[in-house]
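The values are calculated or read from the model by the stated rules, or taken from the named source; none is laboratory data. Given the structure is predicted, the values throughout are model-derived calculations rather than measurements. Neighbour counts are summed over all protein chains in view; Cβ atoms, including those assigned to glycine, are modelled from backbone coordinates with ideal geometry.
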Amino acid sequence: MAYSEKARTLFAGEIEAIKQKGLFKEKRYICSPQDAEIDCFDSSGKRAGALYFYSGGGRLPQNQDTVNGIYLYYRMTRFADLMSLLQNEKPLYLNLNTDNKVGYISTSNEPVGEHE
């Protein structure tokens, strides 16, 4: 649907008046708290969790185990390392110690600290 020149002029004038009052905030990007996200899936295609990456110096969210899988949080400076791990190692497992919320990616599904 195309607007007439009269309607476009009217709307442009209204938007300009709102801008002049300082009420118009224009964003041309997706508002997301993390800088990057890698979704992880198991061999059947079911979501196993996600890796979230944040820049800046703020506190990272706590790792968590949800109905949608394990969510692990990292600094953006770790992105390249984890991408390399994901590309070069198979199989990989997302793990989370629910007592202390320490999460990790491993090549074994055996919890850290348990040996045969």
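Criterion first (small (Gly, Ala, Ser), exposed (fewer than 14 other Cβ atoms within 10 Å of the Cβ) and either at positive phi or part of a strand (DSSP E or B) (or both)) does residue 56 satisfy it? Here the answer is yes, as residue 56 does meet what is asked.
How about the range 1-23: which of its residues are outside any helix (DSSP H, G or I) and within 36 Å of the chain's Cα centre (by Cα)?
1, 21, 22, 23
Here is a yes/no grid of residues against (1) assigned to a loop (DSSP other than H, G, I, E, B); (2) at pLDDT 85 or above:
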{"residue": "27", "(1), (2)": "yes, no"}
{"residue": "49", "(1), (2)": "no, yes"}
{"residue": "61", "(1), (2)": "yes, yes"}
{"residue": "71", "(1), (2)": "no, yes"}
{"residue": "74", "(1), (2)": "no, yes"}
{"residue": "83", "(1), (2)": "no, yes"}
{"residue": "98", "(1), (2)": "yes, yes"}
{"residue": "108", "(1), (2)": "yes, no"}
{"residue": "113", "(1), (2)": "yes, no"}
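Applying a threshold of 7 Å to beta carbon distances and a minimum spacing of six or more residues, or different chains, the list of pairs starting in the range 76-91 at a residue that is in contact (Cβ under 8 Å) with a residue 24 or more places away in the chain and ending at one that is in a helix (DSSP H, G or I) is empty. Of all the criteria given as (1) surrounded by 10 or more Cβ atoms within 10 Å (Cβ to Cβ); (2) over 17 Å from residue 36 (Cα atoms); (3) free of Cβ contacts under 8 Å to residues at least 12 places away in the same chain, the one not satisfied by residue 102 is (3).
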